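The values are calculated or read from the model by the stated rules, or taken from the named source; none is laboratory data. Computed from a predicted model, the values in this text were never measured in an experiment. Glycine also receives a Cβ, built like all others from the backbone with ideal geometry; neighbour counts cover every protein chain displayed. Note: accessible area is taken over every heavy atom of the protein model, side chains too, but ligands, DNA and RNA are not part of it. Shrake-Rupley method; radii C 1.70, N 1.55, O 1.52, S 1.80 Å.
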Amino acid sequence: MNVHMFNMYYIIITIILGIIEGITEFFPISSTCHIMIFSKIFKIEANEAKTLNLFMQLGTSLSILLHFKNTFITLLYSLLKIKKKYTYNNHLSYYHILLSIFPIALLGLYSHKYMQFIFNPKNILLSIICGSTLLMLSEILKTRIKNKNTHINLIKSFTIGCFQCLALFPGFSRSCSTISIGILIGLNQRVATYFSFIISVPIFFGAMILDIIHDVSTISHCNMCLLIIGFLSAFITSKLCIRKCLKIVSTGSFIPFIIYRFMLSIIIYVFFYH
């Protein structure tokens with residue numbers, strides 16, 4: 001997908017990858033894992049696939065930002081000490097956001113140069129299985145735990161933030177780790193889901209800046225037109241399906257996702273090891 005290969009074939013591939021990213025980002029099935037698999041199928045080089053995935057995640061992040069714009073406006077007013085009363089959760093403040101993103105921001109800065117060693121089939125397979133186990137645990141226990149709590153306190157924010165670090169391992173899924181632990185510490189499934197996606201916005205934008213700083217040469221060698229197409233494809237797809245996807249994840253059973261993840265692990269095993 002370099003500058004000399006800008007043709008209809010690569011445009012279609014980029015649009016397809018953007019659609020995949022725009023849908024899978026909202027489910028606890030690891031969008032990064034899917035992009036890696038399809039990039040290998042389409043014979044896209046690892047560095048170029050990583051850069052494209054970065055722009056596509058920016059597209060989904062923008063759609064999430066727009067979806068929760070009232071929440072972010074409220075948090076901004078709170079930060080600027082401007083009184084304005086409309087919120088997603090009266091107990092949600094920018095302190096909760098900061099505490100939830102601090103662990104992964106710190107660990108991400110420290111481990112960024114080691115990320116290339118994490119992105120291998122063995123680690124992906126292990127992450128999918130471990131993530132599926134955590135998701136299964138939350139599904140089993142959510143009816144036994146009194147998940148009536150719709151208030152997010154500082155301790156719960158930090159706990160969710162610590163588990164969010166598992167998203168550094170491709171295949172685990174950021175939403176899987178954060179929603180699962182949110183439910184396990186007593187949050188309502190809807191609140192755990194919405195909080196998970198609210199805190200994803202600063203994480204994705206921060207990761208974008210960090211990757212640009214570290215991999216600016218890779219971005220400059222990629223075809224910028226294709227990166228923009230990937231961004232738009234992911235943004236439009238996620239904008240169209242965000243409301244429906246969030247409803248499914250925030251109110252439905254996780255069993256279909258657990259089954260899908262285990263099937264995905266089998267596909268990866270066969271695809272990469274045979």
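Kindly indicate whether any position in region 13-36 is outside any helix (DSSP H, G or I), among the charged types (D, E, K, R) and at negative phi. Walk me through how you get there before you give the answer.
Just the residues of region 13-36 that are outside any helix (DSSP H, G or I), to begin with: 25-30.
Now narrow it down to the ones that are among the charged types (D, E, K, R): 25.
Filter once more, so that each one left must be at negative phi: 25.
The answer is yes; a qualifying residue exists.
Of the residues Ile248, Ile228, only one is among the aliphatic types (A, V, I, L, M), touching a residue at least 12 places away in the same chain (Cβ under 8 Å) and surrounded by 14 or more Cβ atoms within 10 Å (Cβ to Cβ); which? Full working, then the answer.
Numbers: Ile228 fails: surrounded by 14 or more Cβ atoms within 10 Å (Cβ to Cβ).
On inspection, the qualifying residue turns out to be Ile248.
Before we move on, is Ile259 surrounded by fewer than 20 Cβ atoms within 10 Å (Cβ to Cβ) and either modelled with pLDDT under 90 or under 30 Å from Thr143 (Cα atoms) (or both)? Explain how you work it out, then say what you get.
Details: surrounded by fewer than 20 Cβ atoms within 10 Å (Cβ to Cβ): yes; either modelled with pLDDT under 90 or under 30 Å from Thr143 (Cα atoms) (or both): yes.
The answer is yes for Ile259.
Mind checking which residues of region 37-47 are in contact with a strand residue (DSSP E or B) (Cβ under 9 Å, 6 or more places away or on another chain) and either at positive phi or not in a loop (DSSP other than H, G, I, E, B) (or both)? Please lay out each step first, then the result.
Taking region 37-47 as the starting set, the residues that turn out to be in contact with a strand residue (DSSP E or B) (Cβ under 9 Å, 6 or more places away or on another chain) are 45, 47.
Result: Asn47, single match.
From Ser175, Ser100, Ser157, Ser196, grab the single residue that is over 24 Å from Leu54 (Cβ atoms), at pLDDT 90 or above and either of a type in the set (A, V, I, L, M) or assigned to a helix (DSSP H, G or I) (or both).
Details: Ser175 fails: over 24 Å from Leu54 (Cβ atoms); Ser100 fails: over 24 Å from Leu54 (Cβ atoms); Ser196 fails: over 24 Å from Leu54 (Cβ atoms).
Step by step, each of Ser175, Ser100, Ser157, Ser196 is checked, and only Ser157 is over 24 Å from Leu54 (Cβ atoms), at pLDDT 90 or above and either of a type in the set (A, V, I, L, M) or assigned to a helix (DSSP H, G or I) (or both).
Could you list, in sequence order, the residues of region 235-267 that are out of contact with any His (no Cβ under 7 Å at 6 or more places or on another chain) and among the aliphatic types (A, V, I, L, M)? Walk me through how you get there before you give the answer.
Step one: of region 235-267, the residues out of contact with any His (no Cβ under 7 Å at 6 or more places or on another chain) are 235-241, 243-267.
Within region 235-267, Ile236, Leu240, Leu246, Ile248, Val249, Ile255, Ile258, Ile259, Met263, Leu264, Ile266, Ile267 meet the criteria.
In this structure, is Lys50 in a loop (DSSP other than H, G, I, E, B), open to solvent by 70 Å² or more (accessible area, probe 1.4 Å) and not small (Gly, Ala, Ser)? Steps first, answer last, please.
Values: in a loop (DSSP other than H, G, I, E, B): no; open to solvent by 70 Å² or more (accessible area, probe 1.4 Å): yes; not small (Gly, Ala, Ser): yes.
The answer is no for Lys50.
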